[in-house]
Each structure stands twice: as C-alpha cells, then as structure tokens.
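This report refers to the structure that appears directly beneath it.
The values are calculated or read from the model by the stated rules, or taken from the named source; none is laboratory data. Source: prediction; values computed, not measured. Please note: Cβ atoms are built from the backbone with ideal geometry, for glycine as well, and neighbour counts cover all protein chains shown. Heads up: the accessible areas ignore ligands, DNA and RNA and are worked out on the full protein's heavy atoms, side chains in. Shrake-Rupley method; radii C 1.70, N 1.55, O 1.52, S 1.80 Å.
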Amino acid sequence: PRRPHPPFNEAALRLREAAVEVIRAWDRNLGPVVVAASGGVDSSFICGALRCAGASFSCVTAATADPSGDERPAVRLLAGHLEVPLAEGVYDPALFDPCECASAGLPRPSRKSFLNAVDRIFAEAADDLGAAVV
C-alpha cells in the first residue's frame with residue numbers, strides 16, 4: 001500500500017508472467033491436463049496460460065439439457081481459438097445419487113453430491129484425451 005500501483009500495462013504483464021510460470025510448473029509436475037472449461041474468465045485464463053507455457057492440454061465441458069446450463073458454445077470458441085481438443089458431456093440427473101458422498105476424504109466436506117456425476121464426465125474425458133489430471 002505504500003508503493004504506488006504499477007501502470008495497468010505493467011501490472012497485466014506481471015500477472016501474465018506469474019500465471020505462465022505457475023501453469024508451467026503445474027504442467028511439469030502433473031503431466032497432460034484437461035481443463036474443465038466454462039468459457040468464463042477463470043478457465044479461459046488457465047487455458048491461455050497453458051498455451052503461453054507451451055503445454056499440451058485439452059478442454060472438457062459439462063452441459064445441462066437446459067440452455068441456462070449449457071456453456072458449450074463458449075467453450076467451443078475457446079478450444080477452437082486455442083486449437084486444442086474438446087470433449088463435451090451432458091449432465092444426466094438420472095445418474096445423481098443423493099446417498100453418494102462427494103466429500104469423502106476431504107478436509108472440508110462441503111462438496112455437493114451432484115458433482116459426482118460431473119466428475120465422472122470429466123474423468124471419462126481425461127481418459128479419452130490421455131490426460132493425467134483434470
């Protein structure tokens with residue numbers, strides 16, 4: 001707070017450099033990645049940093065039958081722009097098991113149980129795309 005803020009362009013460059021270095025380290029340590037992408041800022045930022053880091057990666061997205069939960073058009077644009085493979089899945093509410101715990105073994109058991117079905121979509125995409133991690 002005592003130093004003046006850097007100019008916007010300098011701050012943007014610093015952020016870009018930091019993101020690329022962190023993502024490069026993740027790529028080195030985790031192996032091939034499939035990004036659970038929504039087309040929003042966060043996943044697009046990660047995909048952009050992966051591209052700048054020279055990492056090999058792909059994208060996966062899970063949609064709902066309702067258009068309000070379908071981000072596939074945005075993710076298609078992102079994957080197409082970055083020229084990376086894309087897997088798409090549709091969340092099937094019939095596969096939801098409210099008795100299946102989504103937080104088992106986690107230090108903060110707060111995951112919603114419907115995420116198990118989404119996790120299965122992502123895990124299948126990782127297998128299909130040869131990714132080690134989502």
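A few comments on the model shown:
- Looking across the range 43-70, the residues that are over 15 Å from Ala18 (Cα atoms), in a helix (DSSP H, G or I) and open to solvent by 50 Å² or more (accessible area, probe 1.4 Å) come down to Pro67, Ser68.
- Some residue of the range 17-33 being within 19 Å of the chain's Cα centre (by Cα), modelled with pLDDT of 90 or more and over 23 Å from Ala131 (Cα atoms): yes
- Flag for Ala25 being out of contact with any Cys (no Cβ under 7 Å at 6 or more places or on another chain) and in a loop (DSSP other than H, G, I, E, B): no
- Positions within the range 75-90 being assigned to a helix (DSSP H, G or I) and either surrounded by 15 or more Cβ atoms within 10 Å (Cβ to Cβ) or in contact with a Phe, Trp or Tyr (Cβ under 7 Å, 6 or more places away or on another chain) (or both), in sequence order: Val75, Arg76, Leu78, Ala79, Leu82
- Only residues that are under 18 Å from Val75 (Cβ atoms) and in contact with a Lys or Arg (Cβ under 8 Å, 6 or more places away or on another chain) were counted in the range 86-124, giving 2.
- Against the numbered list (1) open to solvent by 30 Å² or more (accessible area, probe 1.4 Å); (2) within 17 Å of the chain's Cα centre (by Cα), Leu13 comes up short only at (2).
- Residues of the range 91-119 satisfying the condition of being open to solvent by less than 80 Å² (accessible area, probe 1.4 Å), within 25 Å of Pro67 (Cα to Cα) and either touching a residue at least 24 places away in the same chain (Cβ under 8 Å) or within 21 Å of the chain's Cα centre (by Cα) (or both): Tyr91, Asp92, Ser113, Leu115, Asn116, Ala117, Val118, Asp119
- Flag if Ser38 is open to solvent by 30 Å² or more (accessible area, probe 1.4 Å), polar (S, T, N, Q) and in a helix (DSSP H, G or I): no
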